[in-house]
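One structure is given below, encoded as structure tokens.
Quick note: the coordinates plus some simple rules give every number you see, no bench work behind them. These numbers come from a predicted model, not from an experiment. Here the Cβ positions follow ideal geometry from the backbone for every residue, glycine too, while neighbour counts run over all protein chains shown.
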Amino acid sequence: MEYVMLKDVCAINMGQSPDSDSYNDNGEGVPFFQGNADFGERYPVTRKWCSAPTKMAFSEDILISVRAPIGAVNYAREECCIGRGLAALTPDKTKVSSEFIFWLLKGKNDELNSKGTGSTFKAIGRKVLEETKVPNIPLEKQLECSEILEKVYAVIQHRKSEIQMMDDLIKARFVEMFGNPVNNEKGFVKAPMGDYMTLLTDFSSNGSYKTLDSGVTMYDEPNYAWMVRTTDLESGDMTSIKYIDENAYELLAKSKIYGGEIIMNKIGSAGKIYLMPQIDMPASLGRNAFMFRYDDRINVKFLYHLLTSEYGQREIQQYVRGAVTKTITKNDARAVLIMVPPIELQNEFEAFVNQVDKSKVAIQKALDETQLLFDSLMQQYFG
């Protein structure tokens, strides 16, 4: 495939921050976009205006974030001012289509990020953009590629919205069955979470720092047991998990995981809640998290949805401490006030969730397959 440089087919206009005195939020002047934070799905969201713009973008220009983070793209809906976090690209429509450049840049996200420089905030300059390679293919072919990508992307977005609808359905069913936990209009028991715990443990429960530091080594390659980190549960990516050997697994006997436990971050994003999925391999809890098990008055799927609700997070966050590094203690985790309906109702809710989850699995499988197709097409079209 032959290539030309981006500078050969687009005019590139690097943003520049105007005088801060010219910013306003009352609609005076032109829309002002500073960076990625202003971007929507396709078009930026206007929050500020500028009465004395320095660098301008125009309707149908492609806006690209050039710093912290690099690579996100949007279309300019109208004439606007761009700050130093953005660049505007004006395609030469005798050579390239706007849609083709839009999708090209979406596909170049990782490449552009790898070229970022800066100790605090990574950024790319004009030269990186200018030298970005663009396949040199006829306009008709560009439009054909863009149309196919647009259709596949629309399917991806639709399937994501279907998953969101399923999540919303579970939330609606929760409120239908249990009411608003804040008001507790159905008069369910409320008590500290610790009253129902049979286990509250963490990595450090297994011994001294010296013992654990010398006895536990994590491996990138598969080994005896999975060392469960909350980052694994957050991403759902099983390709980058860490492992420990059998000796370490036995050393960490007090924090073995079997599936179905509630996991809580205890530092950083302190108080964030995860439900450990069912697993078919030995696993142990990593650092910086608590693990909870409960007696037979608690259904963990019900409790997970309660703790991740607005009410649950508000209850938890009142115990989180620290101005910079957020933390929560074991005693504070025990003190979190939970609503406890009869176990029969909790179990009925779990049955509903399980049914919805079956549908979600099917949709997620279709989404993953469509994403693979999209990624393959991007590689085929742009290299």
- [ ] Report, in whole Å, the centroid distance computed from the Cα atoms of segment 20-76 and segment 154-193.
- [x] 35
- [ ] Would you work out the relative contact order for segment 224-383, in percent, from Cα pairs under 8 angstrom that are 6 or more residues apart?
- [x] 20
Task: Charge-dipole axis of the chain as Lys and Arg at +1 and Asp and Glu at -1 on Cβ define it, positive-most pick from Phe292, Thr211, Trp49 - done: Thr211
- [ ] Could you check the simple spin-label distance between Ile156 and Thr120, using points 7 Å along Cα→Cβ, in nm with one decimal?
- [x] 3.3
Open item on the list: Charges at C-beta only: +1 for Lys and Arg, -1 for Asp and Glu. How large is the resulting dipole of segment 3-136 about its Cα centre, in Debye rounded to 20?
Closed with: 460
Open item on the list: Bins of 5 Å, beginning at zero and ending with the bin holding the largest distance: percent of Cα pairs per bin for segment 3-136, please.
Closed with: 2, 11, 22, 24, 19, 12, 6, 2, 0, 0
Task: Test item: Cα-centred dipole of the chain, Lys/Arg +1 and Asp/Glu -1 on Cβ, debye - done: 900
Open item on the list: Which residue, Asn36, Cys80, Ser114, has the largest displacement toward the positive end of the dipole of segment 3-136 when charges sit on each Cβ (Lys, Arg +1; Asp, Glu -1)?
Closed with: Ser114
Open item on the list: In the chain, once you exclude exposed chymotrypsin sites (Phe, Trp or Tyr not before Pro) (DSSP loop, at most 14 other Cβ within 10 angstrom), what's the longest stretch remaining?
Closed with: 122-257
Task: Lysine pair count for segment 189-340 [Cα-Cα under 19 Å; pairs on different chains or 8 or more apart] - done: 13
Open item on the list: Can you return the aspartates and glutamates within cross-link range of Lys186? Criterion is Cα-Cα under 20 Å, with same-chain partners fewer than 8 residues away left out.
Closed with: Glu176, Glu310, Glu315, Glu344, Glu348, Glu350
- [ ] Could you pull out the GluC sites (Glu not before Pro) across segment 314-383 that fall in loop regions by DSSP (anything but H, G, I, E, B) with no more than 10 other Cβ atoms inside 10 Å?
- [x] none
- [ ] Using only Cα atoms, tell me the angle between helix 343-382 and the longest principal axis of the chain; keep it within 0 to 90° and round to the nearest 10.
- [x] 30
Open item on the list: Please compute the volume of the convex hull spanned by the alpha-carbon atoms of segment 189-340 and report it per residue in Å³.
Closed with: 117
